[in-house]
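The values are calculated or read from the model by the stated rules, or taken from the named source; none is laboratory data. Nothing here was measured: the structure is a model prediction, and the numbers come from that model. Because the Cβ atoms are built from the backbone with ideal geometry, glycine has one as well, and the counts that use them run over all protein chains shown.
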């Protein structure tokens, strides 16, 4: 597993991490801590040492499962998120953020959070800036080591990069969502801010395994949020209409390099951008966790293929993306 380092923040993170939204359950399925432990162990055995979660994932069960794992695997970096559970959209205060951090500390069983991130809070709250002041207070008090933000759009990311002390920025970035390349990623790189990439496989579209006839359970966001009914549509299928996304993913299969499947190529495409610090694909099984981690050992994509992916996005994908971007 390759390591990416940001000296100014003291970060040395494995370039593949584990996203824990559906760890052991979620997405319409009951939480199963046994499955969660198997996935965490498979990722760990594959070299993964960066784990990303949030206080809302599984109603707190994701953090609890990770907390159990940390008791015997203390060399992992855990990034969590706050700002949605009982706070969104207008309950942001010093007290509410402090309570959220204390709850995460308890569930994770740690004295200090490695990294906490504002979890897709409203743009107006980011612009006002008080949330960053409150996180700086928590940092001074020793509750958190670093803080950053998970954002929905380039505009929100640029707002966050203006704030002193922001260590990381979590963004949606994949073959279907290339806009961050234009300004946001270069700016983050220039400032030495870590870039954490979520939804690298566009909710499964870029695994190449989804079909028009694929059905998702009612509690799966790919069933109820595909048109943005509950939260930003960009969090589901990269903001693409489902049928369009399936068609576009199928079109990419003609350009697969030898020895790579769609998921591997999609992860490798992201890793080939040096502004990226860590990619956090999710996994619903140990096999998926191992396969995701293996992308770190793959060779870079050929420059000709990178150019073809850029043209594909500009000519066939970008016009179909919905939601803040």
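Quick check, is residue 289 in a helix (DSSP H, G or I), without any contact (Cβ under 8 Å) to a residue 40 or more places away in the chain and farther than 20 Å from residue 173 by Cβ?
no
Can you go through 102, 117 and tell me which one is surrounded by fewer than 16 Cβ atoms within 10 Å (Cβ to Cβ), within 17 Å of residue 60 (Cβ to Cβ) and out of contact with any helix residue (DSSP H, G or I) (no Cβ under 9 Å at 6 or more places or on another chain)?
Among 102, 117, only 102 is surrounded by fewer than 16 Cβ atoms within 10 Å (Cβ to Cβ), within 17 Å of residue 60 (Cβ to Cβ) and out of contact with any helix residue (DSSP H, G or I) (no Cβ under 9 Å at 6 or more places or on another chain).
Residues in the range 203-223 that are in a helix (DSSP H, G or I) and touching a residue at least 60 places away in the same chain (Cβ under 8 Å): how many?
The total comes to 4.
Within the range 139-154, restricting attention to residues that are over 26 Å from residue 183 (Cα atoms) and out of contact with any helix residue (DSSP H, G or I) (no Cβ under 6 Å at 6 or more places or on another chain), which residue is surrounded by the most Cβ atoms within 10 Å (Cβ to Cβ)?
Within the range 139-154, the match that is surrounded by the most Cβ atoms within 10 Å (Cβ to Cβ) is 139.
Considering (1) within 24 Å of residue 209 (Cβ to Cβ); (2) outside any loop (DSSP other than H, G, I, E, B); (3) without any contact (Cβ under 8 Å) to a residue 40 or more places away in the chain, say which one residue 299 fails and leave the rest.
Residue 299 satisfies every listed condition except (2).
For the condition touching a helix residue (DSSP H, G or I) at 6+ places or on another chain (Cβ under 9 Å) and either farther than 30 Å from residue 31 by Cβ or surrounded by fewer than 18 Cβ atoms within 10 Å (Cβ to Cβ) (or both), what is the one hit in 305, 267?
Result: 305 is the single residue among 305, 267 that is touching a helix residue (DSSP H, G or I) at 6+ places or on another chain (Cβ under 9 Å) and either farther than 30 Å from residue 31 by Cβ or surrounded by fewer than 18 Cβ atoms within 10 Å (Cβ to Cβ) (or both).
Hey, does the range 241-256 have a residue that's under 18 Å from the mean Cα position of the chain (by Cα), modelled with pLDDT of 95 or more and in a loop (DSSP other than H, G, I, E, B)?
No, every residue in the range 241-256 fails to be under 18 Å from the mean Cα position of the chain (by Cα), modelled with pLDDT of 95 or more and in a loop (DSSP other than H, G, I, E, B).
Given the criteria touching a residue at least 24 places away in the same chain (Cβ under 8 Å), buried (at least 20 other Cβ atoms within 10 Å of the Cβ) and in a helix (DSSP H, G or I), does residue 157 qualify?
yes
Please find, among 96, 104, the residue that is in a helix (DSSP H, G or I), modelled with pLDDT of 95 or more and within 19 Å of the chain's Cα centre (by Cα).
It is 104.
Here's a check for you: in the range 10-45, which residue that is farther than 18 Å from residue 67 by Cβ and surrounded by fewer than 20 Cβ atoms within 10 Å (Cβ to Cβ) is nearest to the chain's Cα centre (by Cα)?
Within the range 10-45, the match that is nearest to the chain's Cα centre (by Cα) is 27.
Restricting to the range 224-240, give me the number of residues that are part of a loop (DSSP other than H, G, I, E, B) and surrounded by 19 or more Cβ atoms within 10 Å (Cβ to Cβ).
Total meeting the criteria: 3.
Just name the residue that is farthest from the chain's Cα centre (by Cα) out of those in the range 178-192 that are crowded, with 24+ Cβ neighbours inside 10 Å and either free of Cβ contacts under 8 Å to residues at least 60 places away in the same chain or outside any helix (DSSP H, G or I) (or both).
Per the criteria, the residue is 184.
Only one residue in 274, 261 is modelled with pLDDT of 95 or more, surrounded by fewer than 18 Cβ atoms within 10 Å (Cβ to Cβ) and in contact with a strand residue (DSSP E or B) (Cβ under 9 Å, 6 or more places away or on another chain). Which one?
274
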